[in-house]
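The block underneath contains the structure these notes are about, expressed in structure tokens.
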Amino acid sequence: MVSGSVFDAILLPLVAFLTFLSYSSGSSPCSTTYQGNSQQFWIENDRFCKDGVPFQIIGGDIHYFRIVPEYWKDRLLRAKALGLNTIQTYVPWNIHEPQPQKYTFDGFANLEAYIQLAHELGFLIMLRAGPYICGEWDLGGFPAWLLSIEPALELRSSDSTYLSLVERWWGILLPKMAPLLYQNGGPIIMVQVENEYGSFGSDKNYLRHLTKLARNHLGSEVILYTTDGAGDATLSNGAIPGDGVYAAVDFDTWSNSSIDFEIQKKYNLPGKSPPLSSEFYTGWLTHWGEKLATTDASSTSVALDKILSKNGSAVLYMAHGGTNFGFFSGANTDSNDESAYKPDLTSYDYDAPIKEYGDVNNAKYKDLRKVIRKYAVAPLPSFPSNILREAYGIVKLNKIFSLFEALHLLSNPTKTFKSEKPLPMELVSQMYGFMLYVSEYTQKKGNSTLSISKIHDRAQVFVSCSEGDKSNPNFVGVIERWNKRKPLSIPYLGCSSKITLFILVENMGRVNYGSYIYDRKGILSTVQINNLTLPRWKMYPIQLDHLSKLIKSGLTKKIAYATDDKIFLLRDMKNYLGNFRNRHEDSNSRSPAFYEGHLNLNSTSMRKDTFLSFRGWNKGVAFVNNFNIGRFWPKVGPQCTLYVPAPILKQGENTVVIFELDSANSDLTIEFVSDPDFSCGLHKFHEK
């Protein structure tokens, strides 16, 4: 038997040579425009040409913003061992310009460092510059502040105000990318214009404007490309071959790639249509309440082999999915019903060959690697070992305070908004997370009826008497965007004063695909009690930044809570909260509250990847050392655990803070486990 290394040394160069011959069969070599003293990448005779040699793209999407930067190299090396020669990545506008003209290119947003690292590891780059990316990412990558502009922008169109903002953004982004283009000595071989526009609209002037803008910044040599589903309807809307933009296609594993590539050819200029699936789906996304999406490893590898064996190119979507940390996961709706809202999981594992936590010891990675090594021009690196993971065990939590106890510590009183009607979150600069809406009404004897016709996305309703203590209001019920419910019935409280109505609204992720992408959050309609519209609203943006620091520095010393016009400062908090909870905790267990616990690690050598299990909890957000690891919702599932990469942990005390929206685990514990768990809930999303 020939050893693996000898096999590689003998056979793989032969395969590469035969591949070159098959590319060149019946046509001249890639030399028409090549100048031997510089790097060049171009399209000729329906093939990609790199420095005078036919080139087959065997790539994969790996998104820098879904991976802690300390793991960028690890994930790229795993892609290298898979046999990939090209990395494709989106550029989400919203992480780079979180506020108008406040730009960031560090940490998770250090795109240049990511591209340079990929270059050092021998990859080429396909850059999906947007401005819209989809990607199961909040608002398709658009900054949420675009939704605060009045009059409302027409996103993804020739709207002049929208285009002026795109021009300003690309005027920052693209000059940073120009030195990294392949012809300038960098790794970027192609830059995508928009994304799957043919599934959204047909404004060719918009696409041409983006094309002209890109060429102004990047020059005429770089290949610009579009990506659309492999069908006449989408390609006729999204392709612009007359402008010299290459049209790629995307499709799943059960599609007939030969037919799809023939359709693609119709929307490219003669000789300018190398077959490329720029999104070849290795898996699929999963929404909350759905069974975890999986794709068979064998059928995926067979479909890829079919593409590569016919000199086609493919980019695995995803090669490695990563995680939707923070509040950045997106959502979908039905094409004709925006209330059919389906938010995405925190995990973006995507059933990719490189798992969310880096594991490659799985059938899909192994099967795809076997296929790719047949077409690779060099021996593949050795098979990677998995990153070590640790089950740190159970951590006891303490309830620190309820939302209502600490409202004015979590919502700056100077930033409380008043209005005659409820305002969307974006109009009060609350782009993510939660906002509390407060109003009053006079209650008549008997139950009252609350009606809100448009909530984005989930509201918890509470009431209390307006006079006296309002830090422990009574829970009434939940109103959800996706449930066409009857109005809520509010029980009679018997107050001598008016009733204070509290509505806590959660933004669960903006729609990232389709016609309902203009997805403002909060209360978007009038609020009625017994068919009478409530006026005079106060809106409290809930700030969760640096939460554990806030708890340590603020709440052990003082807490602020409000009546209508006064703020009372309560000192000696431990005694106060202890007495308060003895009086109130049993009477209202469904008040949103914060819980804190600590994980102690004796040395940095103990830092390993882990997962936080939320079995027994309901719904909320979790923070580890002030890092938002994402949303949890085990009651609905299927995701039970949240991934905690080792770089988030530190030597000594690690602080975990949970914002639980409903009911806590009965024993107030969480557990650090070593493996992900996607077996929670499994209720249909629309069910109670």
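The values are calculated or read from the model by the stated rules, or taken from the named source; none is laboratory data. Treat the numbers as computed from the prediction; the structure is a model and nothing was measured. Using ideal geometry, Cβ is built from the backbone for each residue, glycine included, and neighbour counts are taken over all protein chains shown. Side chains are part of the model used for accessible areas, which takes the heavy atoms of the whole protein and leaves out ligands, DNA and RNA. Shrake-Rupley method; radii C 1.70, N 1.55, O 1.52, S 1.80 Å.
Of all residues in the stretch 393-418, exactly one satisfies the criterion of being surrounded by fewer than 21 Cβ atoms within 10 Å (Cβ to Cβ), part of a loop (DSSP other than H, G, I, E, B) and among the hydroxyl-bearing types (Ser, Thr, Tyr), namely THR416.
Do you know which of the residues in the stretch 419-435 that are open to solvent by 20 Å² or more (accessible area, probe 1.4 Å) and not in a loop (DSSP other than H, G, I, E, B) is farthest from PRO487 (Cα to Cα)? I'd like the intermediate steps shown before the answer.
To start, the set of residues in the stretch 419-435 that are open to solvent by 20 Å² or more (accessible area, probe 1.4 Å) comprises 419-421, 423, 427, 429, 431-432.
Now drop any that are not not in a loop (DSSP other than H, G, I, E, B), which leaves 419, 427.
Details: SER419: 24, LEU427: 26 Å.
Ranking the candidates gives LEU427 first.
Residues that are farther than 23 Å from THR282 by Cβ and among the hydrophobic types (A, V, I, L, M, F, W, C) do not occur anywhere in the stretch 246-261. Counting only strands (runs of 3 or more DSSP E) wholly contained in the stretch 242-328, the ones carrying 3 or more residues that are closer than 30 Å to ASN625 by Cα occupy 313-320.
Given the structure, is ASN362 among the polar types (S, T, N, Q) and over 30 Å from GLY597 (Cβ atoms)?
Numbers: among the polar types (S, T, N, Q): yes; over 30 Å from GLY597 (Cβ atoms): yes.
Criteria met by ASN362.
Residues in the stretch 111-146 that are under 24 Å from PHE55 (Cβ atoms), outside any helix (DSSP H, G or I) and either open to solvent by less than 10 Å² (accessible area, probe 1.4 Å) or free of Cβ contacts under 8 Å to residues at least 40 places away in the same chain (or both): PHE123, ILE125, MET126, LEU127, ARG128, ALA129.
One line per residue, one yes/no per condition, for (1) in a strand (DSSP E or B); (2) at positive phi; (3) open to solvent by less than 30 Å² (accessible area, probe 1.4 Å):
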| site | (1), (2), (3) |
| --- | --- |
| TYR437 | yes, no, yes |
| SER451 | yes, no, no |
| GLN460 | yes, no, yes |
| GLY468 | no, yes, no |
| SER471 | no, no, yes |
| ILE479 | yes, no, yes |
| TRP482 | no, no, yes |
| ARG485 | no, no, no |
| SER496 | no, no, no |
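If you check ILE542 against the conditions, is it over 30 Å from PHE200 (Cα atoms) and over 25 Å from the mean Cα position of the chain (by Cα)? Here the answer is no, as ILE542 does not meet what is asked.
Scanning the stretch 318-334 for residues that are crowded, with 20+ Cβ neighbours inside 10 Å, under 24 Å from MET190 (Cα atoms), over 29 Å from the mean Cα position of the chain (by Cα) and not hydrophobic (A, V, I, L, M, F, W, C) turns up nothing. Looking only at residues that are open to solvent by 60 Å² or more (accessible area, probe 1.4 Å) and part of a loop (DSSP other than H, G, I, E, B) in the stretch 357-385, which one is modelled with the lowest pLDDT? Within the stretch 357-385, the match that is modelled with the lowest pLDDT is VAL377.
Meeting the requirement of 2 or more residues that are touching a strand residue (DSSP E or B) at 6+ places or on another chain (Cβ under 9 Å), over 13 Å from PRO187 (Cβ atoms) and open to solvent by less than 10 Å² (accessible area, probe 1.4 Å), the strands (runs of 3 or more DSSP E) wholly within the stretch 39-88 are 47-50, 58-62.
When the criteria are applied in full, THR104 meets the requirement of being in contact with a His (Cβ under 7 Å, 6 or more places away or on another chain) and either of a type in the set (S, T, N, Q) or in contact (Cβ under 8 Å) with a residue 60 or more places away in the chain (or both). Within the stretch 442-453, the residues that satisfy the criterion of being at pLDDT 95 or above and not β-branched (Val, Ile, Thr) are LEU450, SER451. Only one of the listed residues (ALA314, ALA331, ALA391) is in contact with a strand residue (DSSP E or B) (Cβ under 7 Å, 6 or more places away or on another chain) and within 23 Å of LEU124 (Cα to Cα). That residue is ALA314. Taken over the stretch 219-241, the criterion of being under 25 Å from PRO175 (Cα atoms), open to solvent by 40 Å² or more (accessible area, probe 1.4 Å) and either touching a residue at least 24 places away in the same chain (Cβ under 8 Å) or assigned to a strand (DSSP E or B) (or both) is satisfied by GLU221 alone. Going residue by residue through the stretch 252-271, is there one that turns out to be within 25 Å of VAL91 (Cα to Cα), open to solvent by 60 Å² or more (accessible area, probe 1.4 Å) and more than 25 Å from the chain's Cα centre (by Cα)? No, the stretch 252-271 contains no residue that is within 25 Å of VAL91 (Cα to Cα), open to solvent by 60 Å² or more (accessible area, probe 1.4 Å) and more than 25 Å from the chain's Cα centre (by Cα). Residues in the stretch 89-110 that are open to solvent by 10 Å² or more (accessible area, probe 1.4 Å), assigned to a strand (DSSP E or B) and among the polar types (S, T, N, Q): GLN99 alone.
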